[in-house]
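Reading through the structure tokens given below for one structure.
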Amino acid sequence: EHTIFLKDYAPTPYRVVSVDMDFKITEAVTRVRTQMTIEPRAETAPGTPLVLDGDGLTLDSIAIDGLPLMLSAYAANEAGLTLVEPPFRRFVLETEVNLKPEENKKLMGLYRSSGTWCTQCEPEGFRRITYYLDRPDILAPFKVRITAPREVAPVLLSNGNLIEAGDAGDGMHFALWEDPFPKPAYLFALVAGALGSITDTFTTMSGRKVDLAIYCTHGKEPECAYAMDSLKRSMAWDEKRFGREYDLDVFNIVAVADFNFGAMENKGLNIFNDKLVFALPETASDANYANIERVIAHEYFHNWTGNRITCRDWFQLCLKEGLTVYRDQEFSSDERSRPVQRIHDVENLRITQFPEDGGPLAHPPRPDRYREINNFYTTTVYQKGSEVVRMLATLLGEAGFRKGMDLYFERHDGEATTIEAFLKVFEDASGLDLSQFARWYLQAGTPTVTANDSYDAASQTYTLTLSQTTAPTPNQPDKPPFVIPIKFGLIGPNGSPMGWTGVSGGTVKDDIIVLDGDTITLTFTGVANRPVPSLFRGFSAPVRLASSLSQQDLLFLARHDSDPFNRWDALQTVTTNLMAGSAAGKAPSNGDIDALRQAILDTLGDTSLDHAFKAQVIAMPDEAVIARQIGANVDPFTVAQSRKALIGAIVGPAADRLSAIYEDLSINEPYSPDAAQAGRRSLRNGLLSLLTAGSERGAALAEAQYYAATNMTDRYAALAISARNWTPAALALLGDFRTRFGGDPLVFDKWLVASSQAPDEGVIERMRAILAAPDFPRTNPNRLRSLLGSFVMSNPAQFARADGLGFRFVTEAAAEIDHVNPQVAARVLTGFRILPLLEPKRREAARAALEALKNLQGLSRNTGDIVDRILAG
Ligand code: HT7
Ligand code: ZN
């Protein structure tokens, strides 16, 4: 099938000068009249056809400068509109189409969610609304007139500022919106519906007052308060940290129930998946609150990194996404705890991005080809893209990075640009040559850095050898070396930092080693004692570290490193190694387990550390991380068993102590989502998780906590822990939860997630029954992802069952979803990326399920692309 290549990029022969749209919305149909002023570019030859994109459209009328076109002057079909020989001057093209939003279940273009008309245009949804040059390098100012029945749609919104509104007769009314900022069509948005709202204002740093509103279904207004608070804090933060001020008179957010993604940064009119807006203590967890804050910030930050400066083409997606994730991570770090945020982000990277980068779906943050762009909204583009920006910030230092960002905003405001242009501003701001650094954007794969060291007491010389290798990935057999910034320190025997008098053999600036070749050997002189090296502090590069450090040295780091990230990471490494070893048949010694337990208990007892950090320290490595550490021939069932057995061995003799800490951590104050209280809860629930997985007493504690809970964080934690450990009460708790919150769809999602993670043999049968229930909302992405997405990603033992039942369950469900919403089907199927890691029997079972899916008729391009790439990998 057709592959699009970056090397084929060429500007369009025509450009769009401005766009005027007129939407007439009725219950049955929406008529869209588009007038666009178009002109040929200077280099365009007369007679060059104009080819507009379309998707599923039927042209009802067409005119140029007011005159209807003859049939021979154009060709229109579902997939586009071609003007054979457009005027060789500026002209106005007017087209008219009729849409049926009610029937649009792909949720791209104009569709209806719970009665509200809304749009999603990124990346290629605008062509489902009107014929257009639907690509991000076509920027134009838009004027949008919406007419709709007042009763069903009292609220009419589009991008920009409202310039007129009024009655349109016959029970209809209208609104006219104008967005003065030229924008690509993917940022277009329209909303029409009967919505409630909360409002507020924000005064920008130059003193302009901005009206803020969050729209939602009536009755949900009180649940939007945290989102509004997050928005105002985001606006203030972007001014303070990056000098970026908001630019329109209004900023609107709309929460909708049916949405393919988390949220969308449409200019002045963000549209959100309602799960990322609504929050009350009884129905939302601390994690939900943190996510709302993060995504509200992310979409707001796009106003500068994405909207004012956008992408030239979709290959450059991480230009806006990687950078904006970096910005939202920095925001969360400033608003909450920086070390805890970093640990959280790195854990996420290791659990989701590393497997992607090491499997059949691996691609560079800036890919060079795609069949279906929707399949490239990936953790590599987003999370690894952010890590690449973070490395730039590390290499340039805070001031240098800010200088580069200022130059980026100054030089490229109003443009659709590229990764090359982005790197150039940092070169110009710093004088550094970033041509080798650019490989991070162009090459896929997670490098492995190997560290070996030795110490010579006689000469007081410490030698550190660092090497990098990166395994081949699809279409990229060879990997020239990356530029890897290694933030580091040497720690002396008494636990304090150790200095050196000289260093040779490589580039070391302050506390950063730059590894830019295959291998370097650094020689540090004047080192008084054998040090323990602390490498990749703060996770300074997205690599895997294969270090020769013993368990003893790692436990030393866990105790003494001044870098909190590495303290955490050292313990995770010890635990992961023991679990991976045990899954491979190498039982850990009692001494190893005792030492690990003691390190955990000591961390818990350290009064200088906060609860949120301790919660991360006691969290056991995810099964996906252990599987990666094993590397090949993985049996996820054995991994799960080894993990549980080791938790049992750690917890066993410490159960009394851990229970006592658990009891001490209970909270009597009213619920607040703030970081301190949330940290306390997360530590308490982390202890509950350990006790339930690793001791007899945990199950009863979890059951008691479930019933006693006064907020969703504690209740859901108890439910999820019970389900994941399949305690005797698990089924009853799931039943209670289902009836207790039956009417709330977002809480229903939590029930679906918890249900899908049960490790027992009956889980697939229960999921089949859930899906088959006549009232299961099978067109809603949140429901489908909660059940299937979390099964595939977080229940590897049952998904990758040796009998293939888990694989077949997922491919059969995906086949059905594919007819309705290909984006959701394709995303669920990415869970099969673990295939090459599995032992042969499971691998074959996965292949067979995918082959059967591939052979079905009428599969979407989205699903076909994912299946083909996994099978080829
Ligand atoms: N930029 C937005 C991406 C997005 C999206 C992509 C594909 C299909 C539907 C979508 N909805 C939103 C979200 C973001 O990264 O901010
Ligand atoms: Zn984004």
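FYI, it's all coordinate maths here, none of it is from the lab. Source: prediction; values computed, not measured. Cβ sites come from the backbone with ideal geometry, for glycine too, and all protein chains shown count toward neighbours.
Ranking request for peptides 77-85, 776-784: highest mean number of other beta-carbon atoms within 10 Å first, then the rest in descending order.
In descending order of packing, they fall as 776-784, 77-85.
The packing ranking, built from the mean of other Cβ atoms within 10 Å per residue, places the peptides 2-13, 258-269 in the order 258-269, 2-13, highest first.
Only helices enter this figure: runs of n ≥ 4 DSSP H residues, each worth -39500 (n - 2.57), summed and divided by the residues of the chain, yield -12000 deg cm²/dmol at 222 nm to the nearest 500. Relative to its Kirkwood radius, the Cα radius of gyration of the stretch 310-442 gives an Rg/Rh of 0.96. Contact order for the chain, expressed relative to its length and based on alpha carbon pairs under 8 Å spaced 6+ residues apart, stands at 8 percent.
Kirkwood analysis of the stretch 17-301, using all unique Cα-Cα pairs, places the hydrodynamic radius at 19.8 Å. Its Cα gyration tensor gives the stretch 442-569 an equivalent ellipsoid; the semi-axes, largest first and in whole Å, are 26, 17, 12.
Angle between the Cα long axis of helix 385-412 and the longest principal axis of the chain, 0 to 90 degrees, nearest 10? Compared with the principal axis, the helix lies near 30 degrees. The modelled label-to-label distance between Asn633 and Thr779, using points 7 Å beyond Cα along the C-beta direction, is 5.0 nm. When the Cα convex hull of the stretch 230-386 is projected onto planes of every orientation, the mean area is 9.9 nm².
For Lys100, list the lysines whose Cα falls under 27 Å from its own Cα; do not include residues on the same chain fewer than 8 positions away. Excluding near neighbours in sequence, the set is Lys24, Lys143, Lys183, Lys267, Lys275.
The alpha-carbon of Lys105 sits under 18 angstrom from the alpha-carbons of these aspartates and glutamates, leaving out residues fewer than 8 places away in its chain: Glu27, Asp55, Glu78, Glu122, Glu124, Asp258, Asp274, Asp775, Glu816, Asp818. Rg over Rh for the stretch 137-282 works out to 0.97, using Cα positions for both radii and the Kirkwood form for Rh. Could you please state, rounded to a whole Å, how far the C-alpha centre of the stretch 411-458 is from the C-alpha centre of the stretch 243-263? One Cα centre to the other: 31 Å. Under 18 Å between alpha carbons, and skipping anything fewer than 8 positions from Lys403 in its own chain: which aspartates and glutamates qualify? Result set, ordered by chain and number: Asp238, Glu239, Glu245, Glu330, Asp413, Glu420, Glu427, Asp428, Asp433. For the peptides 193-200, 625-632, 130-137, residues were scored by their other Cβ atoms within 10 Å and the scores averaged per peptide; the highest-first order is 130-137, 625-632, 193-200.
Could you tell me which of rounded, prolate or oblate describes the chain, using a ≥ b ≥ c as the square roots of the eigenvalues of the alpha-carbon gyration tensor, with rounded for a/c under 1.5 and, failing that, prolate when a/b is larger than b/c and oblate otherwise? Prolate.
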